[in-house]
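Q: Got a structure here, written out as structure tokens. Questions coming.
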Amino acid sequence: MTMWTTAMAGAAAGLGVAMPVGAMGVLLVQEGMRDRRAAVAGAAAVAVVDLAYAAAATALGPLVASALSDVEAWVRLVSAAVLAVIAVRGLLASRHTGPAPDSEGAGAAAGPVRTFTRFAALTLINPTTALYFAALTTAQGATLSTGAAGAVFVGGVFLASFAWQQLLVALSGFAGARLPEAARAWTFRIGYGLVAVYAVEVALPLP
């Protein structure tokens, strides 16, 4: 029963970080509308990074928060700059007719390996995820003191995050296959506009 409770706590933590749709969620939806196979890889990348951050926080706890506290603002600025570049390139590319641009502004969809790498890198440079798991695992305290409990918690995080990201991909792929080309183009423009807004939100407050 204790392990089951720990697994549910991990699942709740995974959903807590995954369900609020931010810049990564928008980019993942766009990828799902463009190329389902690549989007599946991108969704897996996000879940894998969530797993890595949850594992690090479970093992190191307050040390993760302490290490990030001094550089968090600068990491956020880097993350915001990357998102801003993606948004600008995507908006510029979306002015032209043809295939919907990918999150790097190119016309053709990227392959699964490239998409996995891109989404993993974008998720890694978001310090909020690491701080979120550090706070949660510190609050759990003795509950995660054993290796088995920590592994169950991290497993719950991964499975919940993976399931949610794949649900986004499935829904966006379903919608993308049925929307007319003009409507799809506008969804991409709106999506990249939201990414630009998220870039500003991530950057503030300035260091």
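The values are calculated or read from the model by the stated rules, or taken from the named source; none is laboratory data. This one's a predicted model, so the numbers in the text were calculated from it and none came from an experiment. Please note: Cβ atoms are built from the backbone with ideal geometry, for glycine as well, and neighbour counts cover all protein chains shown. These area figures cover heavy atoms from the full protein model, side chains too; ligands, DNA and RNA do not enter into them. Shrake-Rupley method; radii C 1.70, N 1.55, O 1.52, S 1.80 Å.
Q: So, taking all protein chains as they sit and a 1.4 Å probe, how much accessible area belongs to LEU171, in Å² rounded to tens?
A: 100 Å²
Q: Taking 0.36 nm per residue of separation and subtracting the Cα-Cα distance, what length does fully extending VAL71 through VAL21 add?
A: Going from the current span to full extension adds 15.5 nm.
Q: Calculate the tail of P(r) for the chain: the fraction of all Cα-Cα distances greater than 29 Å, expressed in %.
A: 27 percent
Q: Let me ask you something else. Set the Förster radius R0 to 35 Å, insert the Cβ-Cβ distance between VAL85 and ALA151 as r into 1/(1 + (r/R0)^6), and round the FRET efficiency to 0.05.
A: Using R0 = 35 Å, I get an efficiency of 0.40.
Q: Here's a follow-up. In degrees between 0 and 90, to the nearest 10, how far off the longest principal axis of the chain does helix 112-124 point, with axes built from Cα atoms?
A: 60 degrees
Q: Ignoring ligands, DNA and RNA, what accessible area per residue does the chain give at 1.4 Å, in Å²?
A: Here the per-residue accessible area is 48 Å².
Q: For q values of 0.13, 0.14, 0.18, 0.26 Å⁻¹, compute log₁₀ I(q)/I(0) with the Debye formula on a Cα-only model of region 1-68, without solvent.
A: Taken in order of the listed q values, log10 I(q)/I(0) reads -0.49, -0.56, -0.82, -1.13.
Q: Angle check, please: helix 147-176 long axis (alpha carbons) against the longest principal axis of the chain (alpha carbons), in degrees 0 to 90, nearest 10.
A: It works out to around 20 degrees.
Q: Moving on to the next point. When the accessible area of the chain is split by element with a 1.4 Å probe, what percent falls to carbon and sulfur?
A: Here it works out to 74 percent.
Q: While we're looking at this one, here's another question. How far is helix 23-34 tilted off the main Cα axis of the chain, in degrees rounded to 10, range 0 to 90?
A: 50 degrees
Q: Please work out how much length the chain gains when fully extended from ALA163 to GLU181, using 0.36 nm per residue of separation minus the C-alpha to C-alpha distance, in nm with one decimal.
A: In short, 3.6 nm is gained.
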